Structure formats: C-alpha cells, structure tokens
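Here the structure is laid out as structure tokens; the discussion comes afterwards.
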Amino acid sequence: MSTLIVLLPPRDPAVPSQEWQLPELPFVLLDKTGRTQRTGRSALALLPRANTAVLMVAARDLLLMPATLPPLRGPKLRQALPNIVEDQLIQDPQTCHIAVDPQALGDGRQLLAIIDRGWFRFICDAFTAAGHRSLRAVPVTRCLPQAPLADTVASVSEAAEAHANAHADAHANAREPVLAAAASAATALPGVAPVVAPDVPPGVPPLVPMVAAVLGAVVPTAPALLLEGAVESGVPRVELAIARGAQGEGLAAPANAVNATLGALAGAAPVSLYMLTELPGNEPGGAATSPARLAAHIHGASPLPFEQLARRALECRFDLCQFEFASQPWRLDRATLRRLRLPILLGLGALIVAIVGANVQWLMLSRQRDAINAQMTELLLTTFPKTTVVLDAPDQMSRQLQQLRVAAGELSPEDFLALSDGLARSLSPLPVNGIAALDYHEHRLDVTFKPAVKVDADFPKRLARNGLSGAIDSSTGKWTIRNGQ
C-alpha cells in the first residue's frame with residue numbers, strides 16, 4: 001500500500017473560517033515497500049494519490065495535556081471529554097475536537113490532543129474532496145527525534161546532585177537516589193511521563209529533556225498572502241515544534257530569538273535543537289526563509305531531513321482522526337460518486353443490454369418451440385386423422401404406433417418373448433439350467449438364478465449389447481431385466 005505524508009501549516013487565528021485556504025504543501029510519497037517514490041511541494045488538488053494519507057498537524061494547532069479519563073468508550077467518552085478539559089481552555093470546549101492517545105502515561109493518565117473542530121474538519125474535508133479516502137493525522141511533535149539518553153541521565157544526575165549538596169546534613173546518602181532518578185527518567189522516554197524513584201528526595205523535580213525543531217518560516221494562510229513569500233527584509237518568524245516526552249507544544253518566534261526562547265522554556269533541562277532541511281521548495285540558494293539563511297540567526301541546530309520527519313510520522317500510533325473524523329473509506333460522498341459515475345453508468349448499460357438480450361432470445365426460442373409443436377401436431381393429425389384431442393403430440397404418436405404394431409402382430413420390445421429372447425442370447429457363458437425362476441409383470445422380467453450359479457461381471461454388458469438393461473436387487477438377489485431402448 002502506498003503512503004502519502006504531508007506537512008500541514010498552522011492555522012492563522014486572524015483569518016476567518018470563510019477565507020481558509022491551504023498553500024502548497026510539502027509531501028513525501030512512499031510505495032508499499034517503504035521506498036521513496038516522489039518528494040515535492042504541491043497544491044492540494046495536485047497531490048499524488050495513495051492508499052493512505054498521513055497528515056502531520058502543526059504543533060501550534062494542538063494542545064496536548066494529560067488527564068484522568070472515566071471508564072467510558074465510544075460516544076459516551078466523546079460526550080464526557082469536553083467536561084474534562086473545559087477548565088484548561090479559553091475556547092468553548094464544544095467547538096474543539098478532542099482525541100485520546102491509545103498509549104497511557106506512566107501515572108495512569110492518558111494524553112489528550114485538542115484542536116479546533118472547524119479547522120480540523122476543513123482539513124479532513126479538503127483532503128477527502130481531493131480523493132484521499134484513508135486519512136491519518138498525527139501531531140508533528142511526535143515525529144521529532146527522541147532525546148539522547150545520555151543527556152537525560154546527565155540532567156537528572158546534576159539536579160539530584162545539586163539537591164544533595166544543598167541538604168548534605170539531612171541527606172548524607174543522596175548519591176544513591178541520583179542513579180535511581182536517572183534510571184527512572186531514562187526509562188520514561190519516549191512517550192511516557194517521567195517517573196521518579198521512590199527514594200529520590202521530594203525536592204528533586206523530574207527533568208524531561210526538550211526536543212525542539214525549527215520547521216521553517218511562518219507560512220501565510222490568508223488568501224491575499226498565499227502568492228507572496230515571507231518577508232524579504234528584516235528577521236523572518238519561524239515555526240517551532242517542542243516535544244517534552246509525550247507532551248508537546250508549538251509557537252512562532254523571530255529567528256534571532258529562537259535560542260533565547262528555548263533557553264527560557266527549558267530551564268535546567270537539556271535542549272536538543274534541530275532545523276528542518278531538504279524541505280521541498282526551500283532550496284539552499286532561495287529566499288531569506290531557506291535553511292542556510294535561517295542558520296545565520298539560529299545557533300547549535302542539527303539538521304533534520306524532511307524525509308526523516310515524514311518517516312517518523314509512520315511510526316506514530318496517535319491518530320487524531322477519531323470519533324466523527326474516523327476514516328471511513330467505504331463511505332460514498334459526492335467526490336466518490338463523481339469518480340464512480342462512469343463505471344456505474346457502464347455497469348447499468350451492460351445490465352440493460354443483458355436483460356434486453358435475454359428477453360429477445362427468449363422470444364426467439366418461444367417462437368421456435370411453437371413452430372415445432374405445430375409441426376408435431378400437424379404430423380400426428382395427418383398420420384392419425386381420427387385423433388380428436390391433442391394434448392401431447394409425441395406421446396400420443398408413440399402410443400398410436402404401439403397399438404398399430406400390436407394390431408399387426410409384431411412383438412413389442414417390452415413383451416415377454418422379446419425380453420426372454422434377449423436374456424437367452426445374453427446368458428452365455430452362464431448355464432441355461434441355472435435359472436431358478438422367471439417372472440414377467442409390468443413390462444419387466446424378474447430372473448432368479450440358482451444359488452450355485454455365480455453371475456459374472458460382464459452379464460450387464462451382454463444385456464446392453466442385446467438392447468436390455470439389468471439390475472440386481474441386493475436384498476433378494478433377483479435380476480430385473482427391462483427394455484434398454
């Protein structure tokens with residue numbers, strides 16, 4: 001199955017829903033073996049078709065938060081989710097789509113992803129109308145590389161050491177909780193909230209390494225700005241996606257303030273900074289938004305190829321298309337009906353032709369049947385003019401001919417003499433005096449052989465050569481001889 005992976009731009013809050021439009025989108029097309037077939041940037045209507053489309057949702061459009069969920073499933077859980085998150089939202093929770101991460105966090109809670117329902121519906125409907133039937137949507141923060149394990153252990157060790165040195169008198173053996181905290185935080189990544197070992201002092205906060213990625217310059221989504229590039233003069237604003245374990249966030253910041261912003265957000269936690277490279281449309285010699293120009297404002301960023309980001313989206317199991325947005329490839333909508341219109345019309349036309357052809361052939365055969373019946377009736381009346389009623393011409397003709405043979409003294413093939421003559425010619429090599437009884441009734445001959453006589457296997461064949469048919473009754477041992485014609 002081929003897979004199309006697309007990176008979506010964030011929603012511009014200043015643009016009303018009536019003016020929402022999608023710019024050209026970067027994509028990667030993989031075949032069923034996972035090999036890259038195409039990469040590029042294209043308008044939505046010109047994106048290549050695939051069996052599955054994976055959408056990487058911008059970090060600024062999502063709010064990821066952990067919550068304790070009631071033991072509900074399906075529609076009941078969907079109705080309860082807005083009440084669970086209403087205290088954490090400024091927006092009306094009824095206007096938000098809330099998805100649940102199938103993988104639970106370490107403390108029994110589950111991660112929720114909250115996105116504006118109107119924007120998410122606009123994206124799903126746009127891709128469905130473009131012919132992409134099977135959709136998956138994943139948070140782009142889940143597609144970022146994992147934090148290095150060495151940084152995780154070192155950060156927790158430094159925090160525990162600082163706490164141990166500050167309280168050396170009260171905690172003389174604080175060195176042991178250092179390793180326990182480091183191991184606990186290391187096993188908590190990725191996707192699970194950090195769990196502090198029980199012997200770690202309460203004052204040691206669990207540090208989660210931060211993974212941040214610069215995903216390029218801010219893409220304008222207003223219709224008037226779609227054909228315009230980023231600001232050529234001044235410092236461009238860039239999209240930041242930040243992952244803290246299973247949780248994540250996004251923001252837009254000036255390129256020259258990225259390092260300071262991440263330092264303020266991370267605090268004592270280590271930061272791994274990446275910059276998206278090899279993005280279709282952002283060639284090195286391009287505008288001020290190319291990675292080479294942005295690198296002049298951002299320091300310490302490691303390259304993150306776009307294809308690597310896209311392939312990590314395939315590993316993400318957190319599908320935002322849940323509840324009413326669940327993928328239903330079998331659903332027939334207007335776009336599907338438009339594509340299937342020609343095959344449906346061809347099928348209906350073939351069905352009509354088949355029905356008409358079957359009826360025409362039935363009419364032709366019925367006429368031939370009537371003509372043959374008329375010929376047989378005419379032949380019967382011509383041969384036997386005294387026939388007053390014709391019900392079954394072939395059967396009446398056979399009975400009339402049989403009556404003529406009997407009146408002329410001819411033997412019927414079913415008479416006793418005819419059957420016994422054929423039996424006599426079929427007995428050899430059986431002895432003639434081997435017959436114990438011979439009965440004739442209802443145009444058949446019942447033959448009983450003596451117990452000492454063994455009937456050979458070729459006896460039925462000899463009867464058939466003489467125009468007879470024979471069968472043995474296993475219960476009585478009698479042979480029934482009939483006319484075989």
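Observations, loosely collected:
- Of the criteria (1) free of Cβ contacts under 8 Å to residues at least 60 places away in the same chain; (2) farther than 23 Å from G248 by Cα, which one G40 fails: (1)
- Residues (surrounded by 14 or more Cβ atoms within 10 Å (Cβ to Cβ), of a type in the set (A, V, I, L, M, F, W, C), out of contact with any Ser or Thr (no Cβ under 6 Å at 6 or more places or on another chain) and closer than 26 Å to L411 by Cα) located in the range 450-471: F459, L468
- Annotation: of all residues in the range 85-143 being within 22 Å of V208 (Cα to Cα) and of a type in the set (D, E), the one that is modelled with the lowest pLDDT is D107.
- Selection over the range 19-30 of residues that are within 33 Å of the chain's Cα centre (by Cα) and more than 18 Å from S42 (Cβ to Cβ) gives a count of 1.
- Residue tally, condition part of a loop (DSSP other than H, G, I, E, B) and more than 26 Å from the chain's Cα centre (by Cα), over the range 44-68: 2
- Which listed residue, of V235, V271, V258, is at pLDDT below 90 and either among the β-branched types (V, I, T) or closer than 15 Å to V211 by Cβ (or both): V235
- The residues on offer are L47, L69, and the sole one that is of a type outside the set (V, I, T), surrounded by 15 or more Cβ atoms within 10 Å (Cβ to Cβ) and under 27 Å from I84 (Cα atoms) is L69.
- Residue in the range 376-383 that is within 30 Å of G74 (Cα to Cα) and free of Cβ contacts under 8 Å to residues at least 40 places away in the same chain present: no
- Candidate set from the range 397-434 (those that are acidic (D, E) and in contact with a Leu (Cβ under 9 Å, 6 or more places away or on another chain)); member that is surrounded by the most Cβ atoms within 10 Å (Cβ to Cβ): D421
- Of residues in the range 1-42 being surrounded by 13 or more Cβ atoms within 10 Å (Cβ to Cβ), in a loop (DSSP other than H, G, I, E, B) and among the aliphatic types (A, V, I, L, M), the one modelled with the highest pLDDT: L8
- Here A301 meets the list (1) aliphatic (A, V, I, L, M); (2) closer than 30 Å to L111 by Cα; (3) at pLDDT below 90 almost entirely, failing just condition (3).
- Restricted to the range 74-99, and to residues there that are outside any helix (DSSP H, G or I) and in contact with a strand residue (DSSP E or B) (Cβ under 6 Å, 6 or more places away or on another chain), the residue that is farthest from E315 (Cα to Cα) is C96.
- Residue match in the range 51-60 (condition: more than 19 Å from D319 (Cβ to Cβ) and among the polar types (S, T, N, Q)): no
- Matching residues, the range 453-481, being in contact with a Lys or Arg (Cβ under 9 Å, 6 or more places away or on another chain) and aliphatic (A, V, I, L, M): L468, A471, I472, I481
- Search result, residues across the range 431-485 that are of a type in the set (D, E) and under 26 Å from Q402 (Cβ atoms): D439, E442, D446
- Residue count for the range 125-138 under the criterion of being in contact with a helix residue (DSSP H, G or I) (Cβ under 7 Å, 6 or more places away or on another chain), surrounded by fewer than 20 Cβ atoms within 10 Å (Cβ to Cβ) and either free of Cβ contacts under 8 Å to residues at least 60 places away in the same chain or under 27 Å from Q247 (Cα atoms) (or both): the result is 0.
The values are calculated or read from the model by the stated rules, or taken from the named source; none is laboratory data. Here the structure is a predicted model, which is why all the values come from computation and not from measurement. Every residue, glycine as well, gets a Cβ built from its backbone with ideal geometry; the counts of neighbours run over all protein chains shown.
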